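Asker: Submitted below is the structure of interest, expressed as structure tokens.
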Amino acid sequence: SEGYDFQAIQDRWLPVWDQMKPFEVSDADSAKPTKYVLDMFPYPSGDLHMGHAEAFCFGDVLARYWRGRGYDVLHPIGWDSFGLPAENAAIKRGVDPREWTYANIAQQKASFRVYAPSFDWSRVLHTSDPEYYKWNQWIFLKMYEKGLAYRKASWVNWDPVDQTVLANEQVLADGTSERSGAMVVKKKLTQWYFRITDYADRLLDDLDQLEGKWPTKVLNMQRNWIGRSRGAEVEFEIEGRDAKVPVFTTRPDTLHGATFMVVAPDSDLAAELASGASAEVRMQFQAYLEQTQKQTEIERQNADREKTGVFLDHFAVNPVNGERIPVWASDYVLADYGHGAIMAVPAHDQRDLDFALKFGLAVRVVVDVLDEDGVSLPDPATSGVATTGDGTLVNSGELDGLGKQAAIARAVEVLEDRGTGRAATTYRLRDWLISRQRYWGTPIPILHAEDGSMQPVSEAALPVVLPSTEGLDLKPKGTSPLGGAEAWSTVVDPETGAELRRDPDTMDTFVDSSWYFFRFLSANDDTQAFDPAAAKKWAPVDQYVGGVEHAILHLLYSRFITKVMHDLGYIDFEEPFMEMLNQGMVLLDGAKMSKSKGNLVEFASELEAHGADALRVTLAFAGPPEDDIDWADVSVQGSAKFLARAWRIADDVEASGAAKGASFADGDKSLRKHTHHLLADAPGLIESYKFNVVVARLMDQVNVTRKTIDSGAGAADPAVRESAEAIAVILSLFAPYAAEDMWSKLGYEPTVSLVEWPVADPSLLVEDEVTMVVQVDGKVRDRLTLSASVTEAEAEAAARASQAVQRSIGDRQVVNVIVRLPKIVSIATKP
Ligand code: ANZ
């Protein structure tokens, strides 16, 4: 035979698989159980990169595994093909974003074909196809109908480089845009929102169902992002103002200690109060507001900053004791959290204390907090440290003597009785801002009349297709390029004849990806977004694979839209992704690979040089899939060598002329046991994502099989064939080409990828010999091979009979022998 040649093997099997389309699945009823295995779909920003190679390798291992376990597996692929990189590249090159996008998709498809994940290619989708985004518009209309899509004017995140708004989720912790890297600023604009806050409780509570199935880190990031906070809403009268002002507090127990009120400078209330103040205060406020607007939300939330603020020349009345308290504006209070105003309790909140000490405001202790020795902590007014812990209420009327929790409960009762407050819950989560002032996205299906009224495009008129870029200025300028498409923008109302204008904004591309896993169910259906019957068969996604960078954005939005689909009656489940694997990153010399750093390991050249199998085995073998892989530490050549050794076993079986169908029972017992242990252990290892361990076990199996052949049994031994078949079947998860070639050499038709795994024979799993370690005074002195059914007495006798043990005991006296079957005998001595 010719020896292992990955190129020849790829060339042999690719056309066969192209013809067979082995991974296309139908919605027809089948006796088999189903699994839906999905990788986060790629963005077509060029060719595939090593990150894709890794994630799609892992997803494919799992998809192929479940097929081998007798499941019908849906494993689709598509492209997340709208978005800014395409638009920016198009502007730079002066071409249509379509050209750049679809050329990249074609390249990625070609690379995938060779890399050979087991996709169902009949369900391909691209979110930038009108056939896809029509259904984004349909979802928008459904949400609009339900009051879940709405427009409002508010302070929004503005990316000054990309000249578009951003969702909160797209602003990084350092205040920069996740896309352009620019410092995000605030701008007051009228924008479209999805009312995700209506779902805050469900989005939070349902995370409990995913415990142990999603990475804990992701669950916690989602919990923090939603940020549910329980407390009370307290209404304060403001002198000279009719309507009372509500504040949100987590500490209604401290109400007697509220000595001033603070409102967010950028809130409507602050503007209103300032406008009723003296000219001097108005000017001070205006200057302060401008200063505030230059700050990011992150800066404003930094508790260590020097406090700043302006007295608004108004007084509020504390509802529990009737006290007049001054009203200030300060940037540490955020306009869009709670009610944008707080009751300040300086003795028990550090930010309030810093503010009070800076501006000379009263500090009143209402909770007596003790230190470890039972001594009251010093007065915050003099120590400068607020006492935030549990303690006994003082100076608080009917609350005096109660502990913190009891006082909170009692305070809420009192407020409710008097009608000046009530229990309340606040969330960090904001509604999802979904409109964008860019071209390459889904047009929002809304028409605007001259009088400012809006009407949805009728479902029958969908899709609203993006106009061509001809004559359009795509350059970021703060307004939507679509507004410049005159003919496209103008629509005549068929009923009234009135002239309407299309909404010029496009949707956030996270809308596209928030439901694509449903579209895969019916990717070619132009009558509905997806078929509920197909959803019944396949959905939800059983196994999702993707990067942890999507821990909040994409996963939160997908969970939200899934719940909306549930409420609309299209599906009967409420969580889209049952299990999730977050793969680590592929690094080089400890650094993230990037074009700008010039340390890119190109997927295409690796694929060309080593072939798909060696690349995939390398990625799977590098370590636990959740860990980062440093490309400098792995050996693709090593993987190729292993594949050659594995392949040669099947080659030897073929050359030996041993027919298939021979009874394995006649084969070498020791090799058979090894094979069956592999068969028994591999499923559990794959299901717990220990792919690297399975590859290591395959390497071991190949070595043991080779030894058996060389030690005289020869390749014609039935146990060698049995081992070679098991290797081919399990190896097909990692190296589908080599496995297919082995399978063919073993005399079978393609494809090994649809073969059900052989079941381990329990009688071959019984350990009939064990290795027992003998220790003398804690040091290992001998290893004995004994029957697995050895008794304690026999084990001790065997240990004492060992020459090595006797030598090390010498003339010392044995004082104690402990036997731990079946592994250890421990002997203690004294002189
Ligand atoms: C009085 C008080 C007394 C408070 C005390 C705390 C301790 P979380 O847990 O984040 O929900 N707060 C309310 N709205 C705010 C806003 N828009 N901007 C900044 N701060 C705001 O925090 C809730 C607490 O943060 C609330 O409880 C309020 O201060 C403040 F000893 O009210 B507290």
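The values are calculated or read from the model by the stated rules, or taken from the named source; none is laboratory data. Values in this document were obtained by computation on a predicted structure and should not be read as measured data. All Cβ positions, even for glycine, are placed from backbone atoms using ideal geometry, and neighbour counts span all protein chains on display.
Asker: How about segment 1-26: which of its residues are more than 23 Å from Ala609 (Cβ to Cβ), not in a helix (DSSP H, G or I) and not acidic (Asp, Glu)?
Answerer: Ser1, Lys21, Pro22, Phe23, Val25, Ser26, listed by residue number.
Asker: Another question about this same structure. List every residue pair whose Cβ atoms sit under 6 Å apart, with the two residues 6 or more apart in sequence or on different chains, where the first one lies in segment 317-340 and is in contact (Cβ under 8 Å) with a residue 60 or more places away in the chain and the second, anywhere, is among the charged types (D, E, K, R) and more than 7 Å from the ligand (Cβ to nearest atom).
Answerer: Matching pairs, first to second residue: Val317/Glu237; Asp331/Arg300; Tyr332/Arg351; Ala335/Asp266.
Asker: Out of (1) over 24 Å from the mean Cα position of the chain (by Cα); (2) assigned to a loop (DSSP other than H, G, I, E, B); (3) touching a residue at least 12 places away in the same chain (Cβ under 8 Å), what's the single condition that is false for Ala604?
Answerer: (2)
Asker: Please work out if Arg428 is closer than 30 Å to Gln170 by Cβ, touching a residue at least 24 places away in the same chain (Cβ under 8 Å) and charged (D, E, K, R).
Answerer: yes
Asker: Only residues that are over 15 Å from Met343 (Cβ atoms) and either not in a loop (DSSP other than H, G, I, E, B) or not aliphatic (A, V, I, L, M) (or both): list them for segment 240-257, please.
Answerer: Residues satisfying the conditions are Gly240, Arg241, Asp242.
Asker: Of the conditions (1) within 16 Å of Ala620 (Cα to Cα); (2) part of a helix (DSSP H, G or I), Val720 satisfies every one except a single condition; which number is it?
Answerer: (1)
Asker: Looking at Leu210, Leu172, which one is aliphatic (A, V, I, L, M), more than 16 Å from the ligand (Cβ to nearest atom), under 25 Å from Tyr544 (Cβ atoms) and at pLDDT 95 or above?
Answerer: Leu210
Asker: Within segment 655-684, which residues are closer than 23 Å to Phe734 by Cβ and surrounded by fewer than 19 Cβ atoms within 10 Å (Cβ to Cβ)?
Answerer: Selection gives His677, Ala680, Asp681, Pro683, Gly684.
Asker: Somewhere in segment 777-786, is a residue without any contact (Cβ under 8 Å) to a residue 12 or more places away in the chain, part of a strand (DSSP E or B) and surrounded by fewer than 16 Cβ atoms within 10 Å (Cβ to Cβ)?
Answerer: Yes: one or more hits.
Asker: Among helices (runs of 4 or more DSSP H) lying entirely in segment 258-360, which contain 2 or more residues that are at pLDDT 95 or above and away from the ligand (no atom under 16 Å from the Cβ)?
Answerer: Of the helices (runs of 4 or more DSSP H) lying wholly inside segment 258-360, those with at least 2 residues that are at pLDDT 95 or above and away from the ligand (no atom under 16 Å from the Cβ) span 268-275, 279-293, 350-359.
Asker: Would you be able to say whether some residue in segment 579-591 is of a type outside the set (A, V, I, L, M, F, W, C) and more than 30 Å from Asp208 (Cα to Cα)?
Answerer: yes
Asker: Would you check if Val394 is touching a strand residue (DSSP E or B) at 6+ places or on another chain (Cβ under 6 Å) and either at positive phi or surrounded by 13 or more Cβ atoms within 10 Å (Cβ to Cβ) (or both)?
Answerer: Judged against the criteria, Val394 is a match.
Asker: Quick test for you: out of Lys563, Lys597, pick the one residue that is modelled with pLDDT under 95 and either over 25 Å from Cys57 (Cα atoms) or buried (at least 20 other Cβ atoms within 10 Å of the Cβ) (or both).
Answerer: Lys597
Asker: Additional query: When residues of segment 84-139 are filtered for being on the phi > 0 side of the Ramachandran plot and modelled with pLDDT of 95 or more, how many remain?
Answerer: Total meeting the criteria: 1.
Asker: Then there's this: Check Ser763 against each of (1) part of a helix (DSSP H, G or I); (2) among the hydroxyl-bearing types (Ser, Thr, Tyr); (3) modelled with pLDDT of 95 or more and name the one condition it does not meet.
Answerer: For Ser763, the failing item is (3).
Asker: How many of the residues in segment 568-583 are in contact (Cβ under 8 Å) with a residue 60 or more places away in the chain and assigned to a loop (DSSP other than H, G, I, E, B)?
Answerer: Counting residues in segment 568-583 that are in contact (Cβ under 8 Å) with a residue 60 or more places away in the chain and assigned to a loop (DSSP other than H, G, I, E, B) gives 4.
Asker: Can you tell me which residues in segment 398-454 are small (Gly, Ala, Ser), within 16 Å of the ligand (Cβ to nearest atom) and either under 30 Å from Pro504 (Cβ atoms) or crowded, with 18+ Cβ neighbours inside 10 Å (or both)?
Answerer: Ala407, Ala411, Gly421, Ala424, listed by residue number.
Asker: Same structure, new question: Return only the number of the condition from (1) part of a helix (DSSP H, G or I); (2) touching a residue at least 12 places away in the same chain (Cβ under 8 Å); (3) within 29 Å of the chain's Cα centre (by Cα) that Gly684 does not satisfy.
Answerer: Exception for Gly684: condition (2).
Asker: Look at Thr197 and say whether it is part of a helix (DSSP H, G or I), touching a Phe, Trp or Tyr at 6+ places or on another chain (Cβ under 7 Å), away from the ligand (no atom under 11 Å from the Cβ) and polar (S, T, N, Q).
Answerer: Judged against the criteria, Thr197 is a match.
Asker: Go through (1) more than 23 Å from Asn582 (Cα to Cα); (2) not in a helix (DSSP H, G or I) and name the single condition Met699 misses.
Answerer: Against the list (1) more than 23 Å from Asn582 (Cα to Cα); (2) not in a helix (DSSP H, G or I), Met699 comes up short only on (2).
Asker: Restricted to segment 248-257, and to residues that are under 18 Å from Leu399 (Cβ atoms) and touching a residue at least 24 places away in the same chain (Cβ under 8 Å), which residue is farthest from the ligand (Cβ to nearest atom)?
Answerer: In this case the residue turns out to be His256.
Asker: Moving to a separate point now. Filter segment 455-474 down to the residues that are in contact with a Leu (Cβ under 9 Å, 6 or more places away or on another chain) and crowded, with 16+ Cβ neighbours inside 10 Å, then identify the one that is nearest to Trp440 (Cα to Cα).
Answerer: Leu466
Asker: Something else now. Could you list all residues from segment 294-312 that are of a type outside the set (Gly, Ala, Ser) and under 16 Å from Ala341 (Cβ atoms)?
Answerer: Arg300, Val310, Phe311, Leu312
Asker: Now, a different point. Give me the residue from segment 157-194 that is of a type in the set (A, V, I, L, M) and in a strand (DSSP E or B) and, out of that set, farthest from Pro445 (Cα to Cα).
Answerer: For segment 157-194, the residue satisfying everything is Met183.
Here's the yes/no breakdown for (1) modelled with pLDDT under 95; (2) among the aromatic types (Phe, Trp, Tyr); (3) out of contact with any Leu (no Cβ under 8 Å at 6 or more places or on another chain):
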site	(1), (2), (3)
Val693	no, no, no
Met699	no, no, yes
Gly712	yes, no, yes
Ala719	no, no, no
Ala724	no, no, no
Ala735	no, no, no
Asp741	no, no, yes
Lys745	no, no, yes
Pro750	no, no, yes
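Asker: Which residue pairs have Cβ atoms closer than 7 Å, lie 6 or more positions apart in sequence or on different chains, and pair a first residue in segment 218-242 that is under 11 Å from Tyr427 (Cβ atoms) and within 16 Å of the ligand (Cβ to nearest atom) with a second residue that is of a type outside the set (Ser, Thr, Tyr) and outside any helix (DSSP H, G or I)?
Answerer: Trp225/Arg428; Trp225/Leu429; Trp225/Ile552; Ile226/Arg428; Ile226/Leu429; Gly227/Arg428; Gly227/Leu429
Asker: Further question on the same structure: Test Glu654 against the criterion of being within 32 Å of the chain's Cα centre (by Cα) and at pLDDT 95 or above, and give yes or no.
Answerer: Against the criterion (within 32 Å of the chain's Cα centre (by Cα) and at pLDDT 95 or above), Glu654 does not qualify.
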